[in-house]
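The values are calculated or read from the model by the stated rules, or taken from the named source; none is laboratory data. None of these values were measured; they are calculated from a predicted model. With ideal geometry, Cβ positions are generated from the backbone for all residues, glycine too; neighbour counts draw on all protein chains shown.
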Amino acid sequence: MVPTDSSLIERARELRRIIEHHARRYYEWDAPEIPDAEYDRLFQELQQLESQHPELLTPDSPTQRVLGQVLQGFAAVTHAVPMLSIRTETDTSDAGARDFDARVRRELGLALDDPPVRYSCELKFDGLAINLRYEQGVLVQAATRGDGETGEEVTQNIRTIRQIPLKLRDQPGGYPDVLEVRGEVFMRRDDFEALNERQRGLIASGHRHEKTFVNPRNAAAGAVRQLDPAIAARRPLSFFAYGLGWVKAWGPDNTRVPRTHSATLQALSDWGLPVDDHHRVVEGAEGLVAFHQAIQGLRDDLPFDIDGVVYKVDDRSLQERLGFLTREPRWAVAHKYPAQEQMTVLRAIDVQVGRTGKLTPVAKLEPVFVGGTTVSNATLHNEEEARRKDVREGDTVIVRRAGDVIPEVVSVVLERRPEHVGPPFDLVARLSGRCPVCASPIAREEGEIDWRCTGGLYCPAQRKHALLHFAGRRALDIEGLGDKLVEQLVDQGIVTTLPDLYKLGVAKLAALERMGDKSAVKLMAAIESSKQTTLARFIFGLGIRHVGEATAKDLARHFGSIDRIMEASSEALLEVADIGPIVAHSIRGFFDQAHHREIVEQLRAAGVQWSEGQGVHGDAPRPLLGQTLVLTGTLATLSRDEARELIEAAGGKVAGSVSRKTHYVVAGDEAGSKLDKARELGVPVVDENGLRALLAGAS
């Protein structure tokens with residue numbers, strides 16, 4: 001159906017209302033409800049409607065002015081030279097650059113055989129535009145863009161940004177009596193993450209009225225527009241200069257004002273103002289295309305957010321010839337990249353189990369093209385984050401994807417929430433307290449955010465990680481059992497649990513991709529060799545949460561056998577050196593799972609064995625108790641790890657450097673500087689036979 005005239009009028013009114021609402025949210029409240037791409041789409045729809053039907057154009061249309069309004073509480077500043085916005089080119093392909101060059105050449109009346117136009121190319125920062133006014137080289141005023149004609153006076157807040165010089169650097173040519181510098185206040189990504197981490201800490205400790213920030217742009221803009229400069233000073237803000245406003249009395253008739261934009265950037269840098277060093281001067285459409293592509297390749301590695309690049313005709317005389325079109329200069333354009341944020345509908349929330357047992361809520365989305373690819377899943381990180389954002393099934397949400405980063409739900413568009421939206425997300429209730437993969441109980445330790453599956457070795461979702469950890473050099477040390485092979489073994493259903501490793505045969509292994517008979521025989525030998533291990537290595541190989549190498553050794557020394565460890569109460573575990581309530585709870589919880597005890601028994605039945613002893617409560621001698629030894633050089637029959645384990649089993653400690661507190665240095669062949677240090681300090685030196693004598697209790 002072709003719209004009637006009245007429907008066109010009503011659509012134009014509706015678009016103006018929506019755009020003005022979101023402009024206030026963005027420019028005045030620093031709390032946008034929709035992504036930039038959606039705002040641009042609405043704005044362009046209104047522009048197109050007014051272009052096709054000029055009778056719909058009104059003087060107060062958002063397309064006819066710079067959006068924004070001075071907030072109450074700030075003094076108003078009238079800009080001597082208006083701070084106008086520039087046209088946005090949303091065709092993110094190479095055609096966007098070529099179209100701009102074609103328009104410039106057409107409006108300048110250039111023929112095909114005329115020389116190419118020179119352009120100054122810069123990054124389009126995602127921050128808050130600022131006008132800095134210097135008089136006699138001293139910063140006297142800073143103001144926001146506001147509505148383009150009048151901005152907000154924010155001098156005290158801007159003075160907190162250390163990058164901005166309070167006095168310009170002297171140069172041979174001096175500087176104007178009055179110099180207005182245009183630039184962008186922004187927040188680096190690492191500073192933004194640190195700020196949000198601090199905010200989360202304040203919220204967790206009970207501070208009221210604190211919040212986290214949606215993105216660096218909002219955080220930066222909110223800091224600049226604080227009535228209290230002390231708050232701005234606590235926000236890590238940055239600044240880049242990119243142009244001039246009013247310039248007064250710099251040489252006769254202002255003749256020293258640079259005649260190109262690129263020379264202006266150099267002058268700003270010479271005066272001590274920070275200028276981003278990615279700007280370039282290029283020629284013609286192909287130069288614009290090459291710059292756009294090069295920066296797109298760098299975009300995700302930049303320390304700050306950009307959403308495009310800016311092209312400006314470099315020659316000021318050509319800028320003057322081109323002039324302005326209502327609110328925009330004809331000689332400049334912002335060429336966008338694929339939007340990193342888009343709106344879509346959240347259809348459902350699933351819970352995924354990670355390789356370490358972490359439970360992550362995942363949003364199932366109406367597919368949307370964002371960040372250069374189609375996205376249908378996005379992470380919600382954890383239950384607390386999902387609740388903080390109040391994400392519910394049926395909501396319209398903003399999804400962000402930058403580079404190779406996993407897509408995430410940024411926020412909910414509350415004004416689009418359906419009447420019958422789902423309830424607040426409750427992970428425990430959703431899963432009935434059980435892992436969605438293996439049905440083991442889920443748990444969350446005190447002070448932690450993440451819920452985890454307690455299934456450990458039993459849980460199929462954790463199987464690959466468990467196998468790799470078990471085969472690691474510090475555990476059972478199965479050389480040749482790496483990522484690719486474990487993936488094949490698990491994905492093809494050959495290995496489903498740790499004991500299955502010891503049921504493998506050469507024929508089955510040789511049939512796997514990139515194996516062959518020789519590699520299969522070698523791996524089988526490594527698996528067979530791993531059956532002879534130590535109790536500490538075995539405990540560590542089980543992958544009990546919070547149990548690292550040192551704790552595994554402490555457990556082995558203290559209890560002496562795996563059975564005593566499996567039966568130990570939390571109180572008994574707390575008697576082990578350096579084990580606290582969290583670790584004790586984790587160990588006890590691990591062995592309370594019947595399937596974990598069964599895996600231990602199956603591994604023993606498969607032939608995995610180790611020496612056991614009486615532990616600290618038995619009569620086993622500990623001749624090196626309280627003594628520190630240092631190993632250096634190559635021993636005759638013992639590897640470095642074997643020597644360490646023998647020393648630790650005898651109650652001693654192995655240090656990495658020699659000091660006056662060292663009791664013995666054990667030196668093998670090609671001993672180095674540690675041996676020299678021992679002799680210098682008079683520390684006793686023994687060889688491997690001497691070490692064995694110490695272990696046997698000889699003094």
Which condition number does V81 fail, the rest of (1) assigned by TED's automatic domain parsing to the domain that holds L273; (2) under 30 Å from H292 (Cβ atoms); (3) in contact with an Asp or Glu (Cβ under 9 Å, 6 or more places away or on another chain) being met?
(1)
Pairs where the first residue, in the stretch 225-251, is assigned by TED's automatic domain parsing to the domain that holds D191 and the second is assigned to a loop (DSSP other than H, G, I, E, B) and among the acidic types (D, E), C-beta under 7 Å, 6+ apart
R225/D30; F240/D276; K248/D177; A249/D177
Pull out all pairs, ordered by first then second residue, where Cβ-Cβ is under 7 Å, the residues are six or more apart or on different chains, the first lies in the stretch 464-485 and is at positive phi, and the second is crowded, with 19+ Cβ neighbours inside 10 Å and modelled with pLDDT of 90 or more.
D477/S530; G480/L523
Across the stretch 392-413, what is the number of residues that are touching a strand residue (DSSP E or B) at 6+ places or on another chain (Cβ under 6 Å), surrounded by 15 or more Cβ atoms within 10 Å (Cβ to Cβ) and closer than 22 Å to D36 by Cβ?
14
Hey, among L8, L15, which residue is of a type in the set (A, V, I, L, M) and at pLDDT 90 or above?
L15
Tell me which residues, restricted to the stretch 252-298, are under 26 Å from the mean Cα position of the chain (by Cα) and free of Cβ contacts under 8 Å to residues at least 24 places away in the same chain.
D277, A294, G297, L298
Mind checking whether some residue in the stretch 297-310 is under 21 Å from L132 (Cα atoms) and at pLDDT 90 or above?
yes
Residues in the stretch 216-247 that are modelled with pLDDT of 80 or more and of a type in the set (S, T, N, Q): how many?
2
All positions within the stretch 376-404 that are assigned to a helix (DSSP H, G or I) and either hydroxyl-bearing (S, T, Y) or over 24 Å from the mean Cα position of the chain (by Cα) (or both)
none
State whether one or more residues within the stretch 604-613 are farther than 22 Å from L675 by Cβ, among the small types (G, A, S) and modelled with pLDDT under 90.
yes
Within the stretch 450-480, residues being closer than 17 Å to K358 by Cβ and buried (at least 16 other Cβ atoms within 10 Å of the Cβ) number 18
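Yes/no matrix, rows are residues, columns are (1) crowded, with 19+ Cβ neighbours inside 10 Å; (2) at pLDDT below 90; (3) aromatic (F, W, Y):
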{"site": "L380", "(1), (2), (3)": "yes, no, no"}
{"site": "F425", "(1), (2), (3)": "yes, no, yes"}
{"site": "R430", "(1), (2), (3)": "no, no, no"}
{"site": "P436", "(1), (2), (3)": "no, no, no"}
{"site": "E448", "(1), (2), (3)": "no, yes, no"}
Looking at P423, P407 in this structure, which one is free of Cβ contacts under 8 Å to residues at least 40 places away in the same chain and either outside the structural domain of D350 (by TED's automatic domain parsing) or under 27 Å from the mean Cα position of the chain (by Cα) (or both)?
P407
I'd like to verify a number: residues in the stretch 670-687 that are in a loop (DSSP other than H, G, I, E, B) and of a type in the set (S, T, Y), how many?
0
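Condition check ((1) on the phi < 0 side of the Ramachandran plot; (2) in the same structural domain as N215 (by TED's automatic domain parsing)) across all residues:
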| residue | (1), (2) |
| --- | --- |
| V281 | yes, yes |
| G284 | no, yes |
| F291 | yes, yes |
| I306 | yes, yes |
| V310 | yes, yes |
| V313 | yes, yes |
| R330 | yes, yes |
| T356 | yes, no |
| V362 | yes, no |
Residues A232, A204: which one is of a type in the set (G, A, S) and farther than 21 Å from A143 by Cβ?
A204
From the options I579, I539, I544, residue that is at pLDDT 95 or above, outside the structural domain of A471 (by TED's automatic domain parsing) and either closer than 18 Å to E479 by Cβ or surrounded by 15 or more Cβ atoms within 10 Å (Cβ to Cβ) (or both)
I539
Could you count how many residues in the stretch 116-169 are among the polar types (S, T, N, Q) and surrounded by fewer than 16 Cβ atoms within 10 Å (Cβ to Cβ)?
3
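Considering L646, L631, which residue is crowded, with 19+ Cβ neighbours inside 10 Å, closer than 30 Å to I544 by Cα and modelled with pLDDT of 85 or more? Before you say what the answer is, go through the steps one by one.
Numbers: L646 fails: crowded, with 19+ Cβ neighbours inside 10 Å.
Exactly one residue qualifies, and that residue is L631.
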Condition set more than 43 Å from the chain's Cα centre (by Cα) and more than 11 Å from L629 (Cα to Cα), scope the stretch 652-677, selection surrounded by the fewest Cβ atoms within 10 Å (Cβ to Cβ): answer is R660
Of all residues making up the stretch 495-525, the number that are surrounded by fewer than 16 Cβ atoms within 10 Å (Cβ to Cβ) and in contact with a Leu (Cβ under 7 Å, 6 or more places away or on another chain)
0
Just one of the numbered conditions (1) surrounded by 16 or more Cβ atoms within 10 Å (Cβ to Cβ); (2) free of Cβ contacts under 8 Å to residues at least 60 places away in the same chain; (3) over 29 Å from A584 (Cα atoms) is not true of Q492; which one?
(1)
